[in-house]
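Everything on this sheet refers to the single structure shown next.
Read-outs throughout are calculated quantities, based only on the coordinates presented, and are distinct from any laboratory measurement. As the structure is a prediction and not an experimental result, all values here were calculated from the model. Neighbour counts are summed over all protein chains in view; Cβ atoms, including those assigned to glycine, are modelled from backbone coordinates with ideal geometry.
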Amino acid sequence: MNIIRVKDQIEGGQVGAQVFQDALNNQAHVFGLATGSTPISIYDTIVKSDMDFSDKISINLDEYKGISGEHEQSYRYFMQKHLFDVKPFATSYVPNGLNPDGMSESGRYDKILEQYPRDLQILGLGQNGHIGFNEPGTSFQSTTHEVDLTESTIEANARFFSDKNDVPRQAYSMGIKSIMGAKQILMAAYGENKAAAVKAMIEGPVTEDVPASILQKHDNVIVILDAGSASQLT
Ligand code: F6R
């Protein structure tokens, strides 16, 4: 893993956006994207740049099941707001949260991943080591699948919804095998609350108990860390 230390998330955004620029310079065509707070500074930097994705493909990691892409808490909506409205791609794939049939939606998404091998996949890190919606215990062999959200994730997300009962109970997520299929992976993590997960990801054993630890087995990973998230590394 190529670990890059930055002073804060703003600098991490510049470093991350440069990885996108380098990928574009190397004729990358397919970009795997993530939501959450971590990639926002990268997207902010890209939005202000002259990078052009209008003939590129994007494929997002995950989406809530049961809400439409117009819902303000959907990941599609997040991507429109933070990136696509200013930097459109030729086609942007996000799982269809309104497909009630988990098997058909997962199969559809896996076909897209097969058709468009990703040149670069961006990831954030959960405090428990999750990547995408792949919580500890998820098989390293997993492809796109329907996930039952844990009670703690539902609780954590409740603040974004007017009523806790409106928080989706399920999501669609690329699996760990799907994530590992990207040619290059860009992981970023900021803040001391990610320090234990960062240590386990980089220095711990490769175990399904820490989904992100699988990245040790990928031969092209860049990890952007600030002082807080790197604070437990030896
Ligand atoms: C987002 C995703 C999640 C987040 C992770 C970190 O599409 O799949 O795995 O990357 O939960 O979230 P933040 O960046 O908000 O700390």
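Below, the figures for the structure above:
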{"item": "Relative contact order of the chain, defined on C-alpha pairs under 8 angstrom at six or more residues apart (%)", "result": "26"}
{"item": "5 angstrom amide H check on Lys65, placed H, neighbours 5+ away", "result": "Gln170, Ala171, Tyr172"}
{"item": "Amide H within-cut-off set for Gln184, under 5 Å, with H built and near neighbours excluded", "result": "Leu120, Gln121"}
{"item": "C-alpha center-to-center spacing [the range 116-139, the range 142-192] in angstrom", "result": "8"}
{"item": "Amide hydrogen neighbours beyond the local backbone of Ile224, cut-off 5 Å, H modeled", "result": "Ile4, Met187, Ala188, Ala189"}
{"item": "Table column - 3J(HN,Hα) (Hz), the range 95-112, Karplus curve with 6.51, -1.76, 1.60, x for Gly and Pro", "result": "x, 8, x, 8, 6, x, 9, x, 5, 5, 5, 5, x, 4, 5, 4, 5, 4"}
{"item": "Efficiency of FRET between Gln73 and Asp50 - r from beta-carbon atoms, R0 30 angstrom, step 0.05", "result": "0.45"}
{"item": "Label zone at Gln170 (point 7 Å along Cα-to-Cβ), backbone N below 19 Å, the range 98-119", "result": "98-111"}
{"item": "Distance histogram in 10 Å bins (all Cα pairs of the range 14-172, percent per bin)", "result": "10, 40, 36, 13, 1"}
{"item": "Whole-Hz couplings from phi, Karplus 6.51/-1.76/1.60, listed for the range 126-138; x for Gly and Pro", "result": "x, 4, 9, x, 6, 10, x, 9, 8, 7, x, x, 5"}
{"item": "Net charge, Arg76 excluded, C-beta distance under 14 Å - Lys, Arg +1, Asp, Glu -1", "result": "-4"}
{"item": "3J(HN,Hα) from dihedral phi, the range 60-70, Karplus parametrisation 6.51/-1.76/1.60, rounded to Hz, x for glycine, proline", "result": "7, 5, 7, 7, 5, 8, x, 10, 8, x, 8"}
{"item": "Within-11-Å neighbourhood charge of Thr234 [Cβ basis; K, R +1; D, E -1]", "result": "0"}
{"item": "Inter-label distance, nm, simple model (7 Å from Cα along the C-beta direction), Ile40/Asn220", "result": "3.0"}
